[in-house]
Amino acid sequence: MKETFDLQDYLIRGVERVVAGAMKATLKDPRESAYMIRFAAASKAASKRRKGLEKGGLHVPPFLIASITSACNLHCAGCYSRCNEATTDDEPARQLTGDQWLGIFEEAEELGVSFILLAGGEPLLRRDVIEAAAKKPSIMFPIFTNGLLIDEKYLDMFDKNRNLIPVISIEGERAFTDERRGENVYDMLGEKISDINRRGLIFAVSITVTKDNIEEVTSEEFVKKLAGKGCKAVVYVEYVPVSESIAESNNAAAAGEGRSLAPGDEERAYLDGRIAALRESGLDTMFISFPGDEKSSGGCLAAGRGFFHINSHGGAEPCPFSPFSDVNAAETSLREALDSKLFGALEEGGLLNDDHEGGCVLHEKRAQVETILRRM
């Protein structure tokens, strides 16, 4: 029987490895080491809090994904958020305020949430929300950003508040990155990463894995190059063509031919093997795969099992790839959001463990999710 992979345990152990490495490598700036040690203690306390709530009948996941804005400064080919019309060029009027997000972060802290992933759109467009996150040092906030808005003010903020971890999106070397994200983006990101490294700050990268870039982005040469620049984690996200029409036309534009870039079974098996090898490589870097790590953790972790998603308007959704909601976190508490009838129906109906062809079960079964929602 294949051993179950515990994603939460892997992340916690990864934090411990980062702590050990930071204590050796940051003698000139021990603040990173000091924060990581404090966070490790806070994470253990949060885990005890979650276990206590579990005994009382409330399951609290350790992770929350917060899409804090619908606006973005880039037009990346095949972007799931634009395909879902969840991202626009301009900030809509009815986004949650900075104070509302701070309230959500405060309740998340009380419930024992350890990690809140800030996404968008482009989250660095919401400096007010990033400032709110900085006020909660017991929670680690990985900020999934295209990186282009990182300026001296943000570098100062990251330096002062070590719970804010930039996770920069990159697609591989220059050709793949510029093809998907825009001309000269690769060079601009190189400058931003150099600025981060010069400050001695921890950062990570997020890579959308396609059929085309899979070998390059999982190669030891590429990963060692990132690690040499100070990268402490690599998050591999399998490309999901959210809209059949829009995403596939973007695929064709990006690839120069009419075919899907979404990885198939052969590519997923290759990705699993490469990540396993990288984890054994001895590099001081964490390697996380989505949704691959979910499958080896016992099924989809969405809908509150391991995480859930709050969109920029406050809607509590199973995950970013399943934009359906029956409760709004701005109008209720996180406790009540976790008790969402939709989340409960997905769990009780076995949909999260259902067989599926692609990498994202809730995206593939979206018609069934919509049916469940209509029946409520």
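Per the Cauchy relation, a quarter of the hull surface: what is the mean projected area of the convex hull of the alpha carbons in region 159-239, in nm²?
5.2
Where Rh is the Kirkwood radius over the Cα pairs of region 72-221, the temperature 10 °C and the viscosity 1.306 mPa s, what D in µm²/s does Stokes-Einstein return? In µm²/s, the coefficient is 97. The candidates TYR236, TYR270, arranged from most to least accessible area with a 1.4 Å probe in the full protein assembly, appear as TYR270, TYR236.
Let me know the shape class of region 112-164, please: from the alpha-carbon gyration tensor, a ≥ b ≥ c as square roots of the eigenvalues, rounded when a/c is under 1.5, otherwise prolate if a/b is greater than b/c, or oblate.
oblate
Counting only protein chains, not ligands or nucleic acids, how are GLU191, GLU221 ordered by accessible area (probe 1.4 Å), most first? Please list the in-between numbers first.
Numbers: GLU191 120, GLU221 155 Å².
The most accessible residue leads, giving GLU221, GLU191.
Solvent-accessible surface of protein heavy atoms, probed at 1.4 angstrom with all chains present, puts ILE143, ILE65 in the order ILE65, ILE143, largest first. Counting only protein heavy atoms and using a 1.4 Å probe, the accessible area of GLU215 comes to about 130 Å².
The values are calculated or read from the model by the stated rules, or taken from the named source; none is laboratory data. Small disclaimer: the values here were computed from a predicted structure and weren't measured. When the accessible area is computed, the model is the full protein with side chains, heavy atoms only, and any ligands, DNA or RNA have been set aside. Shrake-Rupley method; radii C 1.70, N 1.55, O 1.52, S 1.80 Å.
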